[in-house]
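Throughout, read-outs are computed from the coordinates displayed, never taken from laboratory work. What you are looking at is a predicted structure, and each value in this text was computed from that prediction instead of being measured. All Cβ positions, glycine included, derive from the backbone under ideal geometry; neighbour counts span all protein chains shown.
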Amino acid sequence: MTWPGIIRAYADRIPLPEGAEVVTLHEGGTPLVEAKHLSQLTGSSVYLKVEGMNPTGSFKDRGMTVAMTYALASGIKAVICASTGNTSASAAAYAAKAGLMAAVLVPSGKIALGKLAQAVAHGAKILQIDGNFDDCLELASKTAAEYPVTLVNSVNPVRLIGQKTAAWEICDVLGRAPDFHCLPVGNAGNITAYWRGYSEYDQGLPKMFGFQAAGAAPLVIGEPVLNPETIATAIRVGSPASWTGAITARDESGGLIDAVTDEEILAAYRLLALREGVFVEPASAASVAGVLKVAADGRLPAGSLVACTVTGHGLKDPDTALLGLTEVEPVPVDPGAVAHALELV
Ligand code: F0G
């Protein structure tokens, strides 16, 4: 049977407007992959929740199916969002499916190429804003407050209802909640949603470990960052909308929110691709950089069961994947030359 998408898979837990038509691309049901190399390195059992396997290549689809179902049911004709790229790709695709217009506000020059390509392909109206994500979100919120257009950022509470399903899927596969759950944190909607998801599911509670990029770590330093900077553009957020939700997740679970450097993020990014066979975008690797950090400094006890969300697909950001690629030498059409190039002889 085809996976029905999160709304139908968890129908008893996701409230919908009366008579709503479900807008779905069959999101969710993503693989939980055993990470053998990471488990060896950390002395724990590490599993990767591979959210790049969602229809538009990121976890945003879980929230977007619910947000778009509500928007369509309300009779509105257009949706709007601010985005570092993935929310806009997801909004564009689900709006296309629903027959709604999508407007996406993105920080000029700071969105990965694959994400821009998705917004273009799905016919979204793309507005490049001369500012960062936080400026885009403020602008989108004000526009939605004054004009007939629905905001589909995670400040729209129905988005987080959808994103809780990832925690439920993990419990369903493992037979219980993990001891620790690690994930990257940007605007902080996802850590908020996971914690709510675990809290409602009665399968035990993990400690929530959130990781921000060191140049964009407002939750770690305790105040907004005016000019956030990181190679992980998806989490280049200086003033997270779900600030309180993230702190609640951290404190109620007895977890932590820490920062990882761009170097640590890139090292984890390469390790995932080269040793686990899992290609993610840089922001996603923040969770794995974090696991390695807390395992090394003793904050992750050996023998733990760890779930680590990798939030978006590596193809989203081809530029980072190709960093450091030198000229590829052409090889003559000759098996001997191929063998020579491969150093088999
Ligand atoms: N990982 C990826 C790949 C993301 O795109 C985001 C957020 C996060 C992690 C962080 O999740 O914001 O819930 O804490 N991207 C948003 C966007 C900001 O516009 O696509 P969060």
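What is the fewest-to-most order of 209, 279 by other Cβ atoms lying within 10 Å of their Cβ?
With the fewest neighbours first, 209, 279 line up as 279, 209.
Arrange the following residues from fewest to most other Cβ atoms within 10 Å of their Cβ: 25, 72.
By the 10 Å Cβ count, ascending, the order reads 25, 72.
What shape does region 95-150 have by the C-alpha gyration tensor, where a ≥ b ≥ c are the square roots of the eigenvalues, rounded means a/c under 1.5, and otherwise prolate means a/b greater than b/c and oblate the rest?
oblate
Hey, how many Å between the Cα centroid of region 191-221 and the Cα centroid of region 283-305?
Answer, in whole Å: 14.
Just rank 208, 101, 64, fewest to most, by other beta-carbon atoms within 10 angstrom.
Ordered by Cβ neighbours within 10 Å, fewest first: 101, 208, 64.
Could you pull out every residue, at least 5 positions away or on a different chain, whose amide H is within less than 5 Å of the one on residue 207? Hs are placed 1.01 Å off N in the peptide plane, and Pro or chain starts have none.
Under 5 Å from the amide H of residue 207 lie the amide H atoms of 180, 181, each far enough along the sequence or on another chain.
Can you tell me which aspartates and glutamates have their Cα less than 14 Å from the Cα of residue 207? Leave out same-chain residues fewer than eight positions away.
Answer for residue 207, where 14 Å is the Cα cut-off: 179, 251, 252, 258, listed by chain and number.
Which whole-Hz couplings ³J(HN,Hα) result when phi for each residue of region 266-283 is put into the Karplus expression 6.51 cos²θ - 1.76 cosθ + 1.60, θ = phi - 60°, listed in order with x for Gly and Pro?
5, 5, 5, 4, 5, 4, 4, 6, 7, 10, 10, x, 10, 9, 10, 7, x, 4
Name the lysines eligible as straight-distance cross-link partners of residue 110: C-alpha to C-alpha under 18 Å, and not fewer than 8 places from it in the same chain.
125, 316
Expressed as cubic angstrom per residue, what is the convex hull volume of the alpha carbon set of region 60-156?
Hull volume normalised by residue count: 78 Å³.
Taking Cα centroids, how far is region 122-142 from region 27-88 in Å?
Measuring centre to centre over Cα atoms gives 21 Å.
How large is log10 I(q)/I(0) at q = 0.15, 0.19 Å⁻¹ when the Debye formula is applied to the Cα atoms of region 287-345, each weighted equally and without solvent?
Results for region 287-345 at q = 0.15, 0.19 Å⁻¹ read -0.74, -0.82.
Which of 82, 283, 144 moves most in a GNM of the chain, Cα contacts under 10 Å?
Looking only at 82, 283, 144, the biggest GNM fluctuation is shown by 144.
If you scale each eigenvalue of the Cα gyration tensor by 5 and take the root, what three semi-axes come out for region 118-229, rounded to whole angstrom and sorted largest first?
30, 19, 13
With no solvent and one equal point scatterer placed on each C-alpha of the chain, evaluate the Debye formula and give log10 I(q)/I(0) for q = 0.07, 0.09, 0.10 Å⁻¹, two decimals.
-0.28, -0.46, -0.57
If you plug each phi of region 317-322 into the Karplus form 6.51 cos²θ - 1.76 cosθ + 1.60 with θ = phi - 60°, what whole-Hz ³J(HN,Hα) values come out, in order, with x for Gly and Pro?
These are the phi-based 3J(HN,Hα) values: 10, x, 4, 5, 4, 8 Hz.
Can you tell me which of 46, 106, 328 moves the most in a GNM of the chain? Springs connect C-alpha atoms under 10 Å apart.
Checking each option, the largest mean-square fluctuation is seen for 328.
In percent, what relative contact order does the chain have, based on Cα pairs under 8 Å that are 6 or more apart in sequence?
In percent, rounded to a whole number, it is 19.
What is region 247-345's relative contact order, in percent, from Cα pairs under 8 angstrom and six or more apart in sequence?
21 percent
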